[in-house]
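Okay, structure first, notes after.
Just so it is clear, none of the values below were taken in a lab; they were calculated from the coordinates. Treat the numbers as computed from the prediction; the structure is a model and nothing was measured. Note: ideal-geometry Cβ built from the backbone for every residue, glycine included; neighbour counts use all protein chains shown.
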Amino acid sequence: MTMRMKVLVGLVVGAVATVLSAGCSRNNIEAVNLSNEGDKARATNIDEAISKYEQATNLDPTNHRILWKLATAYQKKEAWDKVASTCARAEKLAPKHANYFFLHGYALEQQAVKGPTGWADAKGPLQTAIQLDPNYAEAHFELAQVLLHTDDEAGALQNYTEAIQKKPDETVFYGPLADLYIRLNFFEQADAVLKEAVSFAKPGDKTLFIIRSLAGEVKEVRGDFNGAIADFDAAKAACGACNEKGQQIAFFNLGFAYSKAQPPRKNEAVQQLQKFQNTTCKGAAANRYADECAQAQEILKQLGGS
């Protein structure tokens, strides 16, 4: 090849590179514009936002920030399989972002709740999130949830505790730790956890329903039914009408404690147990609370209620 031909080839290659670079640059700019459009649509039309983010990632598949927006948009739709796969793509581009691994693990955890994947699948991403950010309280909490479902109770205790230590004012962390202590018959530890939770709870905190219900359970085990009544009454106050899933148990707890008080508070026990029967034992939740329904019926017979 002559020198002149070499120069010509060099010019052509350079021109092609310039064109390709310009094309990539235009794609990057267009991807950002689409991403911004997705941001505007997000509050009112999540499907449109997802469409914009998907178009943006197709134009610029190396932009991990747009992938993150897409993953969190899928999260809003509870499309957990797509959340997980999108986070996995973002992780490869930005392996130092703990948030990407946390949401990946959380998405796998939500899939495990519904059955298509195993709980153990969520462990790795959550552990990586903690390695990248040891102070990531939510990652510790979700890892504890996963470990509990994989029969690692010691690991669950440790990570629930770590979560609380990182964010002691996050009252939602306390209930599962106290519940696990109760199931392991560590009642003193459960009591201490619940007292700490109450100290951080603010008026209107909905987690007080769980916290005070568990506190009442601990007192019942110790035979302190008057103390249990105070806690169960506070739990019932925290859930208001107590008509959401799992809250109907408030009427049973309070009625049972009234029946065991010394002396028994029969009228109040009958009132609460009858309400439990009417709201729970005659409805869709009857199978879930079969034991409590049978127990409520027996106590009502003993107390002369209907």
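Rounded, prolate or oblate: which fits segment 60-167, taking a ≥ b ≥ c as square roots of the Cα gyration tensor eigenvalues, rounded meaning a/c under 1.5, else prolate when a/b beats b/c?
Oblate is the answer for segment 60-167, as a/c is 1.5 or above yet b/c matches or exceeds a/b.
What ³J(HN,Hα) values, in whole Hz, does the Karplus curve 6.51 cos²θ - 1.76 cosθ + 1.60 give for segment 76-91 when θ = phi - 60°, with x put for Gly and Pro?
4, 8, 6, 8, 5, 5, 6, 4, 4, 5, 5, 4, 4, 5, 5, 4
No solvent, one uniform scatterer per C-alpha: report log10 I(q)/I(0) for the chain via the Debye equation at q = 0.07, 0.15, 0.16 1/Å, two decimals.
The calculated log intensity ratios at q = 0.07, 0.15, 0.16 Å⁻¹ are -0.43, -1.16, -1.23.
Using the Kirkwood radius built from alpha carbon pairs, what does the Stokes-Einstein equation give as D for segment 194-306 at 10 °C and 1.306 mPa s, in µm² per second?
113
³J(HN,Hα) across segment 241-254 via Karplus (A = 6.51, B = -1.76, C = 1.60, θ = phi - 60°), whole Hz, x for Gly/Pro?
6, 6, 10, 8, 3, x, 8, 4, 4, 4, 5, 5, 4, 5
Given a cut-off of under 8 Å on Cα pairs at least six residues apart, what relative contact order in percent is computed for the chain?
7
Given Cβ point charges of +1 (Lys, Arg) and -1 (Asp, Glu) and nothing else, what value in debye, to the nearest 20, does the dipole of segment 223-306 about its Cα centre take?
Here segment 223-306 has a charge dipole of around 240 debye.
Quick check on packing: order 198-208, 76-86 by the mean number of other C-beta atoms within 10 Å, highest mean leading.
Final packing ranking: 76-86, 198-208.
Just want the answer: with Cβ charges of +1 for Lys and Arg and -1 for Asp and Glu, which residue in I249, C293, S259 is farthest toward the dipole's positive end in segment 246-306?
S259
So, with +1 on the Cβ of K and R and -1 on the Cβ of D and E, and no other charges, what is the size of the charge dipole of the chain about its Cα centre, to the nearest 20 debye?
840
Could you grab the relative contact order for segment 169-239? Cα pairs under 8 Å, six or more apart, rounded to a whole percent.
30
Per DSSP helix of 4 or more residues, -39500 (n - 2.57); summed, then divided by the residues of the chain. What does that give at 222 nm, rounded to the nearest 500?
When only DSSP H runs of four or more count, the value is -24000 deg cm²/dmol.
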